[in-house]
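The values are calculated or read from the model by the stated rules, or taken from the named source; none is laboratory data. Nothing here was measured: the structure is a model prediction, and the numbers come from that model. Using ideal geometry, Cβ is built from the backbone for each residue, glycine included, and neighbour counts are taken over all protein chains shown.
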Amino acid sequence: MNELTLTRTSLYDCHVKAGAKLVPFAGFELPVSYSGLVEEHMAVRNQCGMFDVSHMGQFMVEGPEALDLIQWITTNDASNLSPGKVQYSCMPNGKGGIVDDLLVYQLGEEQYMLVVNAANREKDWNWIDLNNRWNCSIRDESDDWSLIALQGPEAASFLQPHCDLPQVNEIPYYSFKTGTVCKQSCIVSATGYTGAGGFELYVKNDAAPVIWSTLESAGVKLCGLGARDTLRLEAGFCLYGNDIDETTSPIAAGLGWITKFTKDFVDAAQLAEEKKEGTRQILRGLVVQERGIPRQGYEVLDLNNTIIGRVTSGTSSPSLGQGIALAYIDCNHAQLGNVVKIQIRKNTVLASVTRSGFLPK
């Protein structure tokens, strides 16, 4: 994809002015870093940083049977939602794999917003449209919305002076309220992809630059995709295309907690059988015990050098000061605390098997 075909978000001029390093990502031209990955990462962990994630897609699902469609295409039980609540879920593909993972927002009694990954926008739309046999409409509003992720333990302190909602710090996790930020209409959602707390701010495109600039002037650290990836990996959050895809089962990916068999949905019978019988491999965390940085695609070996899995995401953790990874590992080697090897170029390094989240509880 050449530069001329990349989409620019409404915050593009802000990024250029701030000296961001811009890279192609999911068809967009987005900042990978400003001052440096580690500095940005630690700002989010310890204070506050913000990301332009306007590349994410937004589909509106409305009508008397909107819930019926969502219940069928997603694994989680959306009947547990109410207006003002958010749910993490995924869409099975009819073959035991995953079309995409997504957030489901209930905006009103018969109105929902699905937030999907940018790279999957067209595929997701076609899949939802194909499965829509209910009395509801779907509308792609992705091009109308900008999304600013304000993340970190001090996010509420930076947001509150510019927001008309009282006590934003008391918005429950995975809930949202509609108000104004910098006098611009905004959905303020207590969600995020960093494990550091904070908010995601959904605004129409023309409102985004004033919010971004105001928060930047207030001292919020500007952050790029590089820090976003290391933050989400420390938190153990899956990245579509790395840790989950059309070939991976939600059960094997550790997403059984969002796979609810209290209702019928695409692939429900197959996934119920997998949950009962177990899968051949399971997604685990790996913490490297020696020097070395695991990367996607590296082989995981047992102590006899037999291949037992592969790394799907890996990095050097800025918070922990050691290499960490997510990897699919054969279940008979996936016991927590088990020691395995990771093949890093010509060398192997020892690593311990952990749960997928690496941050202290």
Exercise for review: Scan the helices (runs of 4 or more DSSP H) fully inside the stretch 208-280 and keep the ones with 1 or more residues being modelled with pLDDT of 95 or more and over 18 Å from the mean Cα position of the chain (by Cα).
Suggested key: 208-217, 268-277
Review point. Does G292 count as on the phi > 0 side of the Ramachandran plot, touching a residue at least 40 places away in the same chain (Cβ under 8 Å) and not in a helix (DSSP H, G or I)?
Key: yes
Practice item. State whether one or more residues within the stretch 175-190 are more than 25 Å from S82 (Cβ to Cβ), assigned to a helix (DSSP H, G or I) and not basic (K, R). Key: no
